[in-house]
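See below for the structure under consideration.
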């Protein structure tokens with residue numbers, strides 16, 4: 001099920017700044033299937049601007065290890081949260097792709113897929129349609145990781161972490177103001193020492 005949070009008035013749009021979608025989770029819809037990774041490490045706190053981002057060691061959909069110790073101190077990275085049932089994601093993903101291609105072709109990007117077992121079968125066609133070729137993490141397998149790096153719990157969301165492991169930008173939803181913020185955040189992430 002889906003709840004797209006569209007503002008009811010211009011005033012609501014002014015205060016919210018963006019359109020966003022959130023799943024209406026019912027206990028029968030949530031599958032917290034664990035990965036095969038025996039020594040997984042999921043964050044115990046959410047991202048913030050004061051401290052380095054929390055450590056993690058999780059597994060991608062393809063079975064690759066995704067370990068924050070391999071990223072922090074070495075390169076910037078971005079997490080892109082999306083779901084096939086999210087109409088707002090269909091607006092945001094092309095913007096992200098455009099900015100990545102022109103302003104941050106070397107940025108390490110990982111997708112965090114919010115689809116559950118009921119909609120997972122739609123993911124391959126969605127990836128092809130939106131030209132998504134980065135490594136994916138299945139949020140239902142690592143729910144603490146997904147929540148820690150996207151505290152709003154809504155999609156679409158983008159988390160950009162600088163080379164030294166500090167949060168550079170967090171966006172959820174879609175707004176035209178996100179475009180220049182993405183460009184600026186990529187430049188800041190690369191410059192972070």
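The values are calculated or read from the model by the stated rules, or taken from the named source; none is laboratory data. Please read these numbers as outputs of a predicted model, since none were measured by experiment. A quick note on method: Cβ atoms are made from the backbone with ideal geometry, for glycine too, and the neighbour counts reach across all protein chains shown.
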* Structure fact -> Filtering the range 84-111 for residues that are in contact with a strand residue (DSSP E or B) (Cβ under 8 Å, 6 or more places away or on another chain) and in a helix (DSSP H, G or I) leaves a count of 7
* How many of the residues in the range 136-180 are more than 18 Å from residue 55 (Cα to Cα) and surrounded by fewer than 17 Cβ atoms within 10 Å (Cβ to Cβ)? -> 6
* Asked: Out of the range 155-193, which residues are within 17 Å of residue 56 (Cα to Cα) and touching a helix residue (DSSP H, G or I) at 6+ places or on another chain (Cβ under 8 Å)?
  -> 159, 160, 161, 162, 163, 165
* Asked: Do we have any residue at all in the range 31-52 that's outside any loop (DSSP other than H, G, I, E, B) and modelled with pLDDT of 90 or more?
  -> yes
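Residues checked against (1) more than 25 Å from residue 191 (Cβ to Cβ); (2) surrounded by fewer than 23 Cβ atoms within 10 Å (Cβ to Cβ):
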{"residue": "80", "(1), (2)": "no, no"}
{"residue": "87", "(1), (2)": "yes, yes"}
{"residue": "92", "(1), (2)": "no, no"}
{"residue": "103", "(1), (2)": "no, yes"}
{"residue": "108", "(1), (2)": "no, yes"}
{"residue": "120", "(1), (2)": "yes, yes"}
{"residue": "123", "(1), (2)": "yes, yes"}
{"residue": "131", "(1), (2)": "yes, yes"}
* To do: Determine if the range 91-108 includes at least one residue that is at pLDDT 95 or above, touching a helix residue (DSSP H, G or I) at 6+ places or on another chain (Cβ under 7 Å) and under 19 Å from residue 152 (Cβ atoms).
  => no
* **Exclusive hit being at pLDDT 95 or above and part of a helix (DSSP H, G or I), set 170, 126** => 126
* In this structure, is residue 128 without any contact (Cβ under 8 Å) to a residue 12 or more places away in the chain and over 18 Å from residue 49 (Cβ atoms)? -> yes
